[in-house]
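The values are calculated or read from the model by the stated rules, or taken from the named source; none is laboratory data. All figures in this text were calculated on a predicted structure; none of them were measured in a lab. Heads up, the Cβs are rebuilt from the backbone with ideal geometry, glycines too, and the neighbour counts pull from every protein chain shown. With ligands, DNA and RNA removed, areas are computed over all heavy atoms of the protein, side chains included. Shrake-Rupley method; radii C 1.70, N 1.55, O 1.52, S 1.80 Å.
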Amino acid sequence: MDVEELDRILLAAAAVLLVAIVAVRLTGRFGLPSLLIYLGIGLVLGESGPGHIHFEDAQLAHALGFAALVIILTEGGLTTRWNEVRPVLPLGVVLATLGVAVSTTVVACVAHYVLGFEWQTAVLLGAVTSPTDSAAVFSVLRRVAVRPRLRGALEAESGLNDAPTVLLVTLVSTGGIGEDGVLHFAGLVVYELVVGALFGFLIGFASVRVIRRVALGSAGLYPLAVLSVATVSYAAGTVLLHVSGFAAVYVTSLILGRAELPHRMATRSFVDGLAWLAQIGLFVMLGLLASPARIRLNDVLLALAIGIAVTVVGRFAAVWLSALPFRLPWAEQTFIAWAGLRGAVPIVLATIPLAEGLPQAGRLFDVVFVLVFLFTLLQGPSLPWLARRLKVLDENAAYEVDIDVAPLESLGADMLQVFVPSESRLAGVEIGELRLPPGVSVSLVIRGDRVFVPDRRTVLRAADAMLVVAPSPVREQTVRRLRAVSRAGRLAGWFGERGREQH
């Protein structure tokens with residue numbers, strides 16, 4: 001490859017990325033998931049489109065797909081609040097295991113008894129279409145402010161259900177599940193999930209202690225350190241312990257996201273950008289791997305039949321059975337069932353039998369591709385409307401305040417960057433009424449184009465940004481106080497609000 005050819009590739013890649021970035025704005029305006037645009041770009045660039053790019057390497061697509069999912073899960077874990085996930089973690093685990101089993105069984109029976117597929121292909125259809133996709137779920141839930149426990153359950157499920165489904169699809173594709181039996185498979189799932197999650201917790205806990213104590217030479221190194229830790233958690237869990245790397249990286253990212261690490265907001269922004277890049281690359285690649293010329297009307301009809309079976313029958317049955325011990329209201333069960341979006345994960349899982357060279361693998365991939373495209377188009381835009389109809393929106397979401405931390409090592413203090421949201425109850429509060437711990441100073445207020453040093457009588461306004469310098473020993477107390485006032489106003493303590501992280 002010469003320099004000129006490399007320049008052409010860079011030009012094409014940059015053009016595709018710019019189109020994909022603009023597509024985020026357009027799809028957000030119309031309430032459509034952006035993954036549909038990315039898949040469409042891949043189809044246009046593919047061998048059946050004007051681009052005429054020939055890509056049929058299923059093994060490479062499988063490997064790159066898993067790498068992209070690691071980055072997407074890292075971003076999801078960093079931005080998911082532990083206090084939301086912890087109360088509903090049992091529900092998330094049940095949805096990721098029992099729920100997947102129920103959905104897989106329903107779809108497999110429909111595919112075998114109604115549509116006439118052999119059992120191996122029928123089980124594969126059930127397995128690859130049952131897990132929810134973390135990229136789709138995380139991106140949609142960022143736009144729909146539902147109750148924390150619903151968001152936590154859906155995010156925990158999508159972060160954990162990759163492990164059993166990857167194992168199931170791999171064993172069915174290679175014929176391993178028939179040799180070892182169902183009990184052996186169930187034991188493997190428990191081992192991979194439990195040990196993988198425990199390993200991820202240990203890596204995350206140790207990394208937080210190290211990153212907090214070691215002052216790195218540049219603010220840009222903190223995001224790289226966090227991403228490297230998450231990747232090590234995935235790779236070490238998979239290679240050394242032979243456990244679920246997806247469970248490990250998600251739990252590690254949850255621990256890192258929960259901790260008040262230096263340059264936390266910058267780290268999230270960096271990983272968020274990488275996650276967008278991973279999503280764009282992943283869906284474009286899967287669009288390239290698909291071939292519209294190969295898809296027939298019969299494949300579309302099969303996709304509709306399987307989609308109805310998994311979305312309307314399998315998913316609702318899975319949620320209903322999984323939620324029985326937790327006594328969820330029917331409205332919350334309905335939203336969780338309908339919000340179980342399929343995205344990249346089913347298509348990536350469909351590359352496993354394709355890489356193994358199974359006889360029906362090509363048709364299975366096409367059916368899953370069409371299913372994801374059609375049902376994402378149906379489900380995604382309807383979620384905001386459904387959340388309003390079911391009355392499951394979170395009324396307190398607007399009061400949360402964003403706080404970033406930068407270490408001032410030589411002073412033994414931390415600088416907090418605080419942004420006041422539009423509906424935060426910090427607006428209208430005087431600086432003196434914040435009643436911050438002794439030694440804490442509000443150094444600057446940034447209001448539009450103005451930057452000024454406030455006094456105790458300065459009244460905060462919506463969209464203000466503050467720079468607060470806090471001695472390191474009282475940093476956590478300062479953060480909690482700012483969150484408490486943001487939620488409950490100047491009398492937060494009187495109302496029992498203590499500012500513990502919830503959102």
* To do: State which residue is farthest from the chain's Cα centre (by Cα) when the search covers only segment 55-73 and only residues that are assigned to a helix (DSSP H, G or I), of a type outside the set (A, V, I, L, M) and within 14 Å of L282 (Cβ to Cβ).
  => H62
* Any helices (runs of 4 or more DSSP H) falling wholly within segment 280-388 and containing at least 1 residues that are modelled with pLDDT under 90, closer than 23 Å to N161 by Cβ and open to solvent by 10 Å² or more (accessible area, probe 1.4 Å) -> 344-356, 361-379
* **Of all residues making up segment 480-495, the number that are among the charged types (D, E, K, R) and farther than 10 Å from R425 by Cβ** => 3
* **Check on A101, under 18 Å from the mean Cα position of the chain (by Cα) and open to solvent by 10 Å² or more (accessible area, probe 1.4 Å)** => no
* To do: Answer yes or no: is there a residue in segment 140-147 that is of a type in the set (G, A, S), in contact with an Asp or Glu (Cβ under 8 Å, 6 or more places away or on another chain) and either over 14 Å from V348 (Cβ atoms) or open to solvent by 10 Å² or more (accessible area, probe 1.4 Å) (or both).
  => yes
* Matching residues, segment 416-426, being open to solvent by less than 50 Å² (accessible area, probe 1.4 Å) and out of contact with any Ser or Thr (no Cβ under 8 Å at 6 or more places or on another chain) -> V418
* To do: Pairs only if they're at least six apart or on different chains, beta carbon under 9 angstrom, first in segment 301-312 and more than 18 Å from D133 (Cα to Cα), second open to solvent by 70 Å² or more (accessible area, probe 1.4 Å) and in a helix (DSSP H, G or I); list them, first residue then second.
  => L302/R363; A305/V114
* Scope segment 212-222; condition part of a helix (DSSP H, G or I) and open to solvent by 20 Å² or more (accessible area, probe 1.4 Å); matching residues -> R212, R213, L221
* Structure fact -> Within segment 471-483, residues open to solvent by less than 10 Å² (accessible area, probe 1.4 Å) and at pLDDT below 90 come out as V479
* To do: Might you let me know whether segment 92-99 holds any residue that is at pLDDT below 90, in a helix (DSSP H, G or I) and either more than 22 Å from L254 (Cα to Cα) or touching a Phe, Trp or Tyr at 6+ places or on another chain (Cβ under 9 Å) (or both)?
  => no
* Asked: Cβ-Cβ below 7 Å, separation at least six or inter-chain, first residue in segment 323-336 and on the phi < 0 side of the Ramachandran plot, second open to solvent by 40 Å² or more (accessible area, probe 1.4 Å) and among the hydrophobic types (A, V, I, L, M, F, W, C): which pairs?
  -> Q333/W320
* Asked: Within the set of pairs 6+ apart or on separate chains, which have a first residue in segment 107-130 that is within 21 Å of L341 (Cβ to Cβ) and modelled with pLDDT under 90, a second that is open to solvent by 30 Å² or more (accessible area, probe 1.4 Å) and outside any helix (DSSP H, G or I), and C-beta atoms under 6 Å apart?
  -> none
* In segment 263-274, is there at least one residue being under 26 Å from L386 (Cβ atoms) and open to solvent by less than 10 Å² (accessible area, probe 1.4 Å)? -> no
* Answer from A225, A248, A197, A259 - the residue that is more than 16 Å from L78 (Cβ to Cβ), small (G, A, S) and surrounded by 14 or more Cβ atoms within 10 Å (Cβ to Cβ) -> A197
* Got at least one residue in segment 130-145 being more than 27 Å from the chain's Cα centre (by Cα), of a type outside the set (D, E, K, R), over 26 Å from A58 (Cβ atoms) and in a helix (DSSP H, G or I)? -> no
* Being out of contact with any Lys or Arg (no Cβ under 9 Å at 6 or more places or on another chain), of a type in the set (G, A, S) and at pLDDT below 85 is the filter here, so list the residues in segment 14-33 that pass it. => A20, A23
* To do: Just give me the residues in segment 427-446 being out of contact with any strand residue (DSSP E or B) (no Cβ under 8 Å at 6 or more places or on another chain) and either open to solvent by less than 50 Å² (accessible area, probe 1.4 Å) or among the acidic types (D, E) (or both), in sequence order.
  => A427, G432, E433
* Please tell me if L274 is assigned to a helix (DSSP H, G or I), modelled with pLDDT of 90 or more and more than 25 Å from the chain's Cα centre (by Cα). => no
* Filter result for L416 (among the aliphatic types (A, V, I, L, M) and modelled with pLDDT of 90 or more) -> no
